[in-house]
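Here is the structure we will look at, set down as structure tokens.
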Amino acid sequence: MRNKMNTDSTNQNPLVSVIIDNYNYGRFIKKAIDSVLHQTYRNFELIVVDDGSTDNSREIIEGYQDKLIAIFQENGGQNAAFNTGFARSKGEIICFLDSDDIYYKDKLAKVVAAFNQNPEWVQISHGRTTVDAEGGIVGRDPIYFNQGDVKPLLLQWGRYAWAVTSALSYRRSVLEKVLPFPKQPTAGDTYLTATVPFYGQIGKINQPLMYYRKHGNNVQANSNNLTYLIKQREDTANCINNAASKIGINQRFDLKRDIDYRSFKILQSNRGSLTQTLQIIWMTLQEGVAIGHSFKDTSERLVRRSICALFPDEGKVYMTLGLRRYLRFKLTGIKPQLIGKKSDNLQF
């Protein structure tokens with residue numbers, strides 16, 4: 001039975017639209033759907049867009065009947081699925097959920113409360129708990145997100161601290177200004193987080209409200225695909241500059257100040273230098289101070305970017321494995337795997 005919907009934007013109980021995009025995640029999607037259906041906040045609609053799955057996803061989704069809105073379409077990618085879901089939605093607040101992730105049971109309640117208490121916010125980030133394919137907890141990620149007006153950070157550094165897709169929520173009013181998603185391959189969350197801040201302030205909830213699942217199909221996805229990574233940074237710069245232009249801001253983000261872009265270009269050319277490395281180190285320190293990165297996060301960025309600039313071949317291995325697995329690999333010679341304690345006690 002579908003929840004009774006209240007779309008009145010003047011009350012404190014706004015309709016929330018949760019949009020799940022799915023492609024061949026039949027083994028995970030049931031827990032994603034159940035985590036929404038078991039929310040303590042009840043004024044929501046759940047829209048599941050299946051993007052041409054060839055596994056058993058359709059059978060699972062159809063099994064929920066009128067508990068959700070199911071849309072089945074030909075494969076067009078995540079951005080196309082989100083466009084379809086948003087066009088069908090009615091909620092004043094929009095939350096996205098990847099079909100391999102899981103919400104905490106009070107996620108929607110806390111997001112609605114935060115938006116009600118902060119009418120100037122148009123986007124909210126919150127923390128996450130990382131789990132493996134079986135649901136075993138891998139770790140609780142440190143929580144730090146920027147808040148307020150982040151346009152200066154985007155125009156200076158091309159980034160700020162935001163959350164993953166399933167930990168992002170938006171006011172419908174701002175999404176109507178920036179959607180539909182463009183056709184370029186930039187990830188949907190990157191496009192939104194690069195454009196939405198030009199239309200209002202962003203907020204944060206300093207606690208984990210979802211489980212982020214790492215597994216064989218998404219761990220370090222595209223992390224060693226330099227063509228993709230470079231194109232993604234170029235697309236992000238274009239998103240930032242187009243958004244700035246639309247609201248009359250003359251300043252533009254210069255890709256030369258995108259430190260990851262510079263590192264990726266060095267890897268692509270396979271030619272690094274000490275001069276380039278020193279420039280990257282100095283810029284990384286400046287960026288860390290401006291954004292407010294933790295000492296740990298800034299140190300990890302310094303190590304990664306320095307290795308890429310000085311030793312491109314090693315940098316490519318690092319980009320594939322990540323810091324911890326890279327160090328383990330260098331010490332043991334054995335490519336490590338994610339390790340997590342198996343648990344079925346995930347919070348719905």
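No lab work stands behind these numbers, since they all come straight from the coordinates. In this text the structure is predicted, and so the values were computed from the model without any measurement. Please note: Cβ atoms are built from the backbone with ideal geometry, for glycine as well, and neighbour counts cover all protein chains shown.
I'd like to know which of P197, S169, I307 lies farthest towards the positive end of the charge dipole of the chain, counting +1 on Cβ of Lys and Arg and -1 on Cβ of Asp and Glu.
I307
Full-extension gain between E134 and Q73, please, as 0.36 nm times their residue separation minus the C-alpha to C-alpha distance. Walk me through the intermediate numbers first.
On the way: separation 61, 0.36 × 61 = 21.96 nm, distance 2.84 nm.
Full extension from E134 to Q73 adds 19.1 nm.
Compute, for the stretch 258-332, the length of the dipole vector about the Cα centre, with Cβ point charges of +1 (Lys, Arg) and -1 (Asp, Glu) only. Units Debye, rounded to 20. List each step's numbers first, then the result.
Working: 12 positive and 7 negative charges, 56 e Å.
Dipole size: approximately 260 debye.
Label E314 and D106 with points 7 Å out from Cα along Cα→Cβ: what is the distance between them in nm?
Those two pseudo-labels are separated by 4.6 nm.
Between L285 and R42, what length comes free when the chain is fully extended (0.36 nm per residue of separation minus the Cα-Cα distance, one decimal in nm)?
Working it through step by step, the gained length comes to 83.0 nm.
What three numbers, in Å, describe the spread of the alpha carbons of the chain along their principal axes, ordered from the longest?
Answer, in whole Å and largest first: 63, 51, 36 Å.
Using alpha-carbon pairs under 8 Å, 6+ residues apart, how would you state the relative contact order of the chain in percent?
Computed value for the chain: 18 percent relative contact order.
How are the alpha carbon pair distances in the stretch 258-332 distributed across 5 Å bins from zero to the largest one, expressed in percent?
3, 18, 27, 24, 18, 9, 1, 0
Between S245 and I143, what is the label-point separation in nm under the 7 Å Cα-to-beta-carbon projection?
In this crude label model, I143 to S245 measures out at 3.9 nm.
Against the longest principal axis of the chain, how steep is helix 274-291, in degrees 0 to 90 to the nearest 10, with axes from Cα atoms?
With rounding to tens, the tilt is 40 degrees.
Based on the mean of other beta carbon atoms within 10 Å per residue, what is the order of 282-295, 114-127, most packed first?
The most tightly packed comes first, giving 114-127, 282-295.
Scattering from the C-alpha atoms of the stretch 84-169 alone, worked out with Debye: what is log10 I(q)/I(0) at q = 0.11 1/Å?
Values returned for q = 0.11 Å⁻¹ are -0.38.
For the stretch 16-213, build the charge dipole from Cβ charges (+1 Lys, Arg; -1 Asp, Glu) around the Cα centre, then report which of T40, Q65, S89 sits farthest towards its positive end.
Of the options given, the answer is T40.
Could you give log10 I(q)/I(0) at q = 0.09, 0.11, 0.14, 0.19 Å⁻¹ for the stretch 16-213, computed by the Debye formula over C-alpha point scatterers of equal weight, without solvent?
Log-scaled intensity ratios, in q order: -0.31, -0.46, -0.77, -1.45.
Mind checking which of G85, G139, G333 has the largest fluctuation in a GNM of the chain, springs on alpha carbons under 10 Å?
Maximum among the listed residues: G333.
If you count, for each residue, the other Cβ atoms within 10 Å and average over each peptide, how do 43-54, 72-83 line up from highest to lowest?
Put in order of decreasing packing, that is 43-54, 72-83.
Would you work out the charge dipole size for the stretch 16-213 about its Cα centre, treating the Cβ of every Lys and Arg as +1 and the Cβ of every Asp and Glu as -1, and quote it to the nearest 20 debye?
560 debye
For the stretch 44-138, what value does the Rg/Rh ratio take when both radii are computed over Cα atoms and Rh is the Kirkwood radius, given to two decimals?
With Rh from the inverse mean 1/r over Cα pairs, Rg/Rh is 0.98.
About the Cα centre of the chain, what is the dipole size in debye to 20, counting +1 per Lys and Arg Cβ and -1 per Asp and Glu Cβ, all else neutral? Could you put the intermediate results ahead of the total?
Working: 45 positive and 34 negative charges, 173 e Å.
Around 840 debye, computed over the chain.
Can you give me the angle between helix 78-88 and the longest principal axis of the chain, using Cα atoms only, in degrees from 0 to 90, rounded to the nearest 10?
30 degrees
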